[in-house]
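Derivation of every value follows stated rules applied to the coordinates shown; laboratory data play no part. Just so you know, these numbers come straight off a predicted model, no measurement behind them. Heads up, the Cβs are rebuilt from the backbone with ideal geometry, glycines too, and the neighbour counts pull from every protein chain shown.
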Amino acid sequence: MEAKMSCRDVAKYFLTLSDEEVGELLSNLKLQKLVYYAQGFSLAINDQQLFSDSIEAWAHGPVIPTLYRDYKPYESAPIPRPDNFNLNRIDPNIKDLLDEVYSVFGQFSAWKLRNMTHEEPPWKEAWETNDKIISEDSMKSYFKTLLVENG
């Protein structure tokens, strides 16, 4: 399963969707959760990872360490939209998936998303067993159940 993008591409795409004028801003915490959900749904729907970076179980939910370090200087402040991101680099099918994830999960606050991930098996299992890495298998099987529930 070869990834088509980097986690940075997924994050930057979500950042292009944020809209300061309507108060839709993304913090590092919220961005982490959106990228996690995108990876989970890609695994469930396409049987393919979006990016190859591992996702770790941290105290505040799933985190991609590379992205965390990239956006750490913003702390909990909003991350500005990237001004040099080429949207044409993204496969239209992946763009549809990312748009869907953003429309469903982007409406929630960072802390709501954090709390949601704490109730979900992929993070809980990794956290409770002290596995640092959230397995793709656990994400795939959990997100497949969401697809069935929501038809």
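A few comments on the model shown:
- Multiplying the residue separation of Lys144 and Asn88 by 0.36 nm and subtracting their alpha-carbon distance yields 17.3 nm.
- Relative exposure of His118, His60, judged by other C-beta atoms within 10 Å (fewest first): His118, His60
- Exceeding the 23 Å Cα-Cα cut-off - candidates Lys4/Lys124; Lys72/Lys140; Lys4/Lys72; Lys33/Lys132; Lys12/Lys132; Lys95/Lys124: Lys4/Lys124; Lys72/Lys140; Lys4/Lys72; Lys12/Lys132; Lys95/Lys124
- The magnitude of the dipole of the range 56-151, with charges of +1 and -1 set on the Cβ of Lys/Arg and Asp/Glu and taken from the Cα centre, is near 260 debye.
- Computed over the alpha carbons of the range 7-149, Rg followed by Dmax gives 14.2, 43 Å.
- Our summary gives the chain a relative contact order of 33 percent, counting only alpha carbon pairs under 8 angstrom and 6 or more residues apart.
- Using the Cβ of Tyr13 as centre and a radius below 10 Å, the other residues enclosed give a net charge of +2, where K and R count +1 and D and E count -1.
- Loop-resident GluC sites (Glu not before Pro) (DSSP state other than H, G, I, E or B) in the range 1-106 with no more than 10 further Cβ atoms inside 10 Å of their Cβ: Glu2, Glu75.
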